[in-house]
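One structure below.
The values are calculated or read from the model by the stated rules, or taken from the named source; none is laboratory data. A quick note: this is a predicted structure, and the numbers were derived from the prediction, not measured. Note that we place each Cβ from the backbone using ideal geometry, even for glycine, and neighbour counts take in every protein chain shown.
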Amino acid sequence: MALFPSAPGGGQEVAHGYKGKGVLLHVITDSHGFPLAIHSTGANGDERVAASGLLARLRAEKLAKKFAFVEADKGYDSAKLRAEMVEQKYFPLIAWRKCKSSEQRRPTTRGMLDLLRGKSQRWKIERFFSHIKRRYRRLLARWERLQTSWMSFCKLALIAFWVF
């Protein structure tokens with residue numbers, strides 16, 4: 001899932017997207033809603049590419065040999081990303097975009113999705129984003145022009161989330 005902090009000051013990796021000028025903050029959380037990895041891209045960045053990078057970071061920390069469920073919104077829907085997730089032993093629970101190509105692929109996983117329907121855990125990452133917005137207002141509007149400074153504040157927020 002991604003959070004969109006606006007960036008009125010500009011800076012590195014700030015771009016114009018459909019929501020305006022800013023950045024996207026991509027986060028992977030565990031099953032309890034605690035953050036595991038964070039990544040940022042420009043507002044016009046591709047969410048599917050960012051997900052691949054996050055999963056690569058997470059693969060080193062993955063302890064279980066079983067399949068792990070990964071739930072994401074429609075922005076991460078792509079056949080390539082789904083295949084990459086299955087190859088890395090993640091089961092993708094990604095909402096389908098409304099297009100003809102996704103409707104043709106839908107029946108292959110419909111049975112498994114019907115079993116898991118009603119047990120969505122996306123509210124946990126939404127809770128994490130609301131916590132970040134409420135407690136760390138500096139992250140809500142990106143004022144830092146350097147990418148390293150911005151990511152440092154983001155990582156400090158993640159550390160504080162785990163500690164407090």
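From the residues in the range 30-68 that are assigned to a loop (DSSP other than H, G, I, E, B) and surrounded by 17 or more Cβ atoms within 10 Å (Cβ to Cβ), which one is modelled with the highest pLDDT?
Of the range 30-68, the ones assigned to a loop (DSSP other than H, G, I, E, B) are 30-34, 43-46, 62-67.
Now narrow it down to the ones that are surrounded by 17 or more Cβ atoms within 10 Å (Cβ to Cβ): 43, 45.
Details: A43: 81, G45: 76.
This residue is A43.
Name the pairs whose Cβ atoms lie under 6 Å apart, with the first residue in the range 114-136 and more than 18 Å from S40 (Cβ to Cβ), the second modelled with pLDDT of 80 or more, and 6 or more positions between them or separate chains?
Partner pairs satisfying both residue conditions: K124/G33; R127/G33.
Scanning the range 20-58 for residues that are touching a Pro at 6+ places or on another chain (Cβ under 7 Å) and of a type in the set (A, V, I, L, M, F, W, C), which turns out nearest to K80 (Cα to Cα)?
Checked the range 20-58; the qualifying residue nearest to K80 (Cα to Cα) is V27.
Filter the range 102-133 down to the residues that are of a type in the set (S, T, N, Q) and surrounded by 11 or more Cβ atoms within 10 Å (Cβ to Cβ), then identify the one that is modelled with the lowest pLDDT.
Top of the filtered list is S102.
Which one of E84, E71 is on the phi < 0 side of the Ramachandran plot, at pLDDT 80 or above and surrounded by 14 or more Cβ atoms within 10 Å (Cβ to Cβ)?
Among E84, E71, only E84 is on the phi < 0 side of the Ramachandran plot, at pLDDT 80 or above and surrounded by 14 or more Cβ atoms within 10 Å (Cβ to Cβ).
Quick test of your reading of the structure: V27 fulfils all but one of (1) modelled with pLDDT of 80 or more; (2) part of a helix (DSSP H, G or I). Name the failing condition by number.
(2)
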